[in-house]
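The values are calculated or read from the model by the stated rules, or taken from the named source; none is laboratory data. On a predicted model such as this, the values are computed, not experimentally measured, just so you know. All Cβ positions, even for glycine, are placed from backbone atoms using ideal geometry, and neighbour counts span all protein chains on display.
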Amino acid sequence: MDNAATKTRGAEGGKGPLIVDLDADLLGGNLAAEVFWAGMRQDWRRGVTGRTSAPAEALLDLAHLPYHGPTLARCRAARDEGRKVVLVTSGEASLAEAVAQQLDCFDAVEGGHPARRIKTPVLAGSRDLLRAMRPHQWVKNLLVFLPMVVAHRFEAVTFGWSLLAFLSFGLIASAVYLVNDLVDLPSDRRHEVKRTRPFASGRLPLVTGMRAAPVLFIAGLGLAALAGIELFAAMAAYAVITTAYSLRLKGTLAADILVLAVLYTLRIIAGAAATGIVPSMWLLTFSIFLFFSLGAVKRLAELVNIEHSGAQRKVAGRAYMTEDRPVVAMLATSAGFLAVLVLALYIDSPDVRGQYGTPEALWGICLVLLFWTSRMVLLAHRGLVDQDPVYFALTDRVSLASGLLVAILFTAAIPA
């Protein structure tokens, strides 16, 4: 939290007390937002109204809050000099007392002090906000172009509407990432890698995310409205489901994986809605099974990572334990194979014979997918998939080569 300048009152070089503001000095102005999201994690219905069943000091993970390091160093230096260090707050003193007990570098706590505000440098905040929005994850939204590709509709107007759906998805997905990071603050701060995220580390004020998320939601829905009610409805459904996933469903056993599959499939539905192309049940069924498999791979990778660390038996914020690892691997494998089976049945259907000049080439896609899904599960089982499997696939040479081979086989099947 380098942007939170430490301000003190009292004798600066003598023995006067060092006054430290809990919100402005220690937490960079994030105290109210920390309490709000702690309430949301306990019960989002009560969190919205601010009526939680426990005091703030009981809801917050005090040991892992992003305290301002230079402020703590200054407090300890002052105590070494024999100065009294006082922690003050504009609210009730109970939370400040809990923090003081946790940090053990304050001599007294006082409540009821006037609130102070801090300013965040715009440039630094913009960089961290962009990182929190995760624009690199927009590549998942390329699925909106799939209805156009499968229907062989390569006109400029069809591409344009698909591009609009892509941008709409990107804005809403970024809004969801912001909400997700705010909800996941305690688990992220205990995670070896995720603790460096802008909100978890304290580099980006929580209030910035709280302001940016609704703006991104509205912008994304506004773009969707340009394409008509169908795309707007699809995007609204995506916004509602993803928000519910962030607040509650991600911690629900098995349902979380199914929701991930539905959210990926919604991208295909949105692409179809934007272009007026009616998606086939073959495509939607294939998508559900394939992305259910990838969702299970994601959970499998998380379980393997915590099992290797030996620190705990359960993924923070999730409903799975390390003992579930064989079952989750089975779910990932079986769902992936079912996706290949659906594709094989589609290739043998009358629809394909009338649409493709050389449908036999599509059988090669089944072999590629059998190889790829099996490899993904095995890599996750070995602990070699340490991130989102879709993003992993986009950075994995073998996966990229498999995708290129699928594209070649698909092109070979289309009549000249």
Any residue at all in segment 104-121 that's small (Gly, Ala, Ser), in a helix (DSSP H, G or I) and over 20 Å from Glu230 (Cα atoms)? no
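Quick grid of which residues meet (1) assigned by TED's automatic domain parsing to the domain that holds Val179; (2) surrounded by 18 or more Cβ atoms within 10 Å (Cβ to Cβ); (3) closer than 30 Å to Ile306 by Cβ; (4) not small (Gly, Ala, Ser):
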position	(1), (2), (3), (4)
Ser246	yes, yes, yes, no
Leu253	yes, no, yes, yes
Thr265	yes, yes, yes, yes
Ala273	yes, yes, no, no
Answer yes or no: is there a residue in segment 377-387 that is crowded, with 17+ Cβ neighbours inside 10 Å, on the phi < 0 side of the Ramachandran plot, over 26 Å from the mean Cα position of the chain (by Cα) and not acidic (Asp, Glu). no
Among the candidates Val144, Val86, single out the residue that is surrounded by 18 or more Cβ atoms within 10 Å (Cβ to Cβ) and part of a strand (DSSP E or B). Val86
Residue list for segment 16-45, filter: of a type in the set (Gly, Ala, Ser), surrounded by 18 or more Cβ atoms within 10 Å (Cβ to Cβ) and farther than 15 Å from Asp61 by Cα: Ala24, Gly28, Gly29
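Phe217 - would you say it is outside any loop (DSSP other than H, G, I, E, B), closer than 30 Å to Gln355 by Cβ and at pLDDT 90 or above? Steps first, please.
Numbers: outside any loop (DSSP other than H, G, I, E, B): yes; closer than 30 Å to Gln355 by Cβ: no; at pLDDT 90 or above: yes.
Taking the combined requirement at face value, the residue does not satisfy it.
Each row is one residue, and each column tells you yes or no for (1) outside the structural domain of Tyr245 (by TED's automatic domain parsing); (2) assigned to a helix (DSSP H, G or I); (3) without any contact (Cβ under 8 Å) to a residue 60 or more places away in the chain.
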site	(1), (2), (3)
Arg325	no, yes, yes
Val328	no, yes, yes
Thr333	no, yes, yes
Ala339	no, yes, yes
Ala344	no, yes, yes
Cys366	no, yes, yes
Val385	no, no, no
Leu394	no, yes, no
For residues in segment 398-413 being of a type in the set (Gly, Ala, Ser) and in contact (Cβ under 8 Å) with a residue 12 or more places away in the chain, which is surrounded by the most Cβ atoms within 10 Å (Cβ to Cβ)? Ala413
Extreme residue, surrounded by the fewest Cβ atoms within 10 Å (Cβ to Cβ), among residues of segment 177-226 that are in contact (Cβ under 8 Å) with a residue 12 or more places away in the chain and hydroxyl-bearing (Ser, Thr, Tyr): Ser201
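If I filter segment 160-176 for residues that are closer than 19 Å to Ala32 by Cβ, touching a residue at least 12 places away in the same chain (Cβ under 8 Å), touching a helix residue (DSSP H, G or I) at 6+ places or on another chain (Cβ under 9 Å) and surrounded by 20 or more Cβ atoms within 10 Å (Cβ to Cβ), do I get at least one hit? I'd like the intermediate steps shown before the answer.
Taking segment 160-176 first, the residues closer than 19 Å to Ala32 by Cβ are none.
No, that holds for no residue.
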Where Leu95 falls short, out of the listed (1) buried (at least 16 other Cβ atoms within 10 Å of the Cβ); (2) of a type outside the set (Val, Ile, Thr); (3) at pLDDT 90 or above; (4) more than 28 Å from the chain's Cα centre (by Cα): (3)
Is it true that Thr395 is within 23 Å of Asn141 (Cα to Cα) and either among the aliphatic types (A, V, I, L, M) or surrounded by 18 or more Cβ atoms within 10 Å (Cβ to Cβ) (or both)? no
For segment 374-398, give me each residue that is at pLDDT below 95 and polar (S, T, N, Q). Gln387, Thr395
Just to be sure I understand, how many residues within segment 9-52 are charged (D, E, K, R), modelled with pLDDT under 85 and in contact with a strand residue (DSSP E or B) (Cβ under 7 Å, 6 or more places away or on another chain)? 1
Would you check if Leu182 is modelled with pLDDT under 95, under 22 Å from Gly222 (Cα atoms) and either assigned to a helix (DSSP H, G or I) or not polar (S, T, N, Q) (or both)? no
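Given the criteria of a type outside the set (S, T, N, Q), assigned by TED's automatic domain parsing to the domain that holds Phe145 and over 21 Å from Thr158 (Cβ atoms), does Met210 qualify?
Here the answer is yes, as Met210 does meet what is asked.
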Within segment 53-66, can you find the residues that are assigned to a helix (DSSP H, G or I), in contact with a helix residue (DSSP H, G or I) (Cβ under 8 Å, 6 or more places away or on another chain) and at pLDDT below 80? Ala56, Glu57
